[in-house]
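Asker: Could you have a look at this structure, given as structure tokens, before my questions?
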Amino acid sequence: MAGNSPAQFDVRDAAPLATILAEGRGSWWRDPIDALPHLPRRVLDRRETDRISHGGVIDARDESSLVRLLADGALIGVGRRDEQVLRPVIVVEAAR
């Protein structure tokens, strides 16, 4: 396998669509958390997760711009600082 680091993506690790549909998460799978290694992480509590997953804002901490938003070990979105709040730019997974 070419990609030996979680944040490393290589086309040689890809699989044909038929394989992906048949196997689900195979050796080619990469966790979405690792897709944006250049962005800092913000782990959300339950209240923050609910607000972000429904498009709401949460209080900013020390974030300077874009940040990966994580809940329960999963990437739920990407947020952007807007003055004193974090606003979701994209939500990729609803709150569990």
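A short reminder: the numbers here are calculations on the coordinates, not readings from a lab. This one's a predicted model, so the numbers in the text were calculated from it and none came from an experiment. So basically every Cβ, Gly included, is an ideal-geometry build from the backbone, and we count neighbours across all protein chains shown.
Asker: Taking the Cα centre of the chain as the origin, how large is its charge dipole in debye, to the nearest 20, when only Lys and Arg (+1) and Asp and Glu (-1) carry charge on their Cβ atoms?
Answerer: In total the dipole reaches around 80 debye.
Asker: Any idea how far the Cα center of segment 7-24 sits from the one of segment 35-96, in Å?
Answerer: First find each Cα centre; the distance between them is then 27 Å.
Asker: What FRET efficiency comes out for the pair residue 30/residue 66, r = Cβ-Cβ distance, R0 = 25 Å, nearest 0.05?
Answerer: That pair, residue 30 with residue 66, gives E of 0.80.
Asker: Further question on the same structure: What FRET efficiency, computed as 1/(1 + (r/R0)^6) with R0 = 22 Å and r the Cβ-Cβ distance, is obtained for residue 80 and residue 46, rounded to the nearest 0.05?
Answerer: With R0 = 22 Å, the Cβ-Cβ based efficiency is 0.50.
Asker: What are the radius of gyration and Dmax of the chain, computed over its Cα atoms and given in Å?
Answerer: Gyration radius and largest Cα-Cα distance of the chain: 15.4, 46 Å.
Asker: Label-point separation (nm) for residue 13 and residue 54, each offset 7 Å from Cα along Cα-to-Cβ?
Answerer: Reported label-point gap for residue 13 and residue 54 is 3.6 nm.
Asker: Once phi is turned into θ = phi - 60°, what whole-Hz ³J(HN,Hα) does the Karplus curve with 6.51, -1.76 and 1.60 give for every residue of segment 71-84, x standing for Gly and Pro?
Answerer: Values, residue by residue: 8, 6, x, 10, 6, 9, x, 10, x, 10, 5, 9, 6, 9 Hz.
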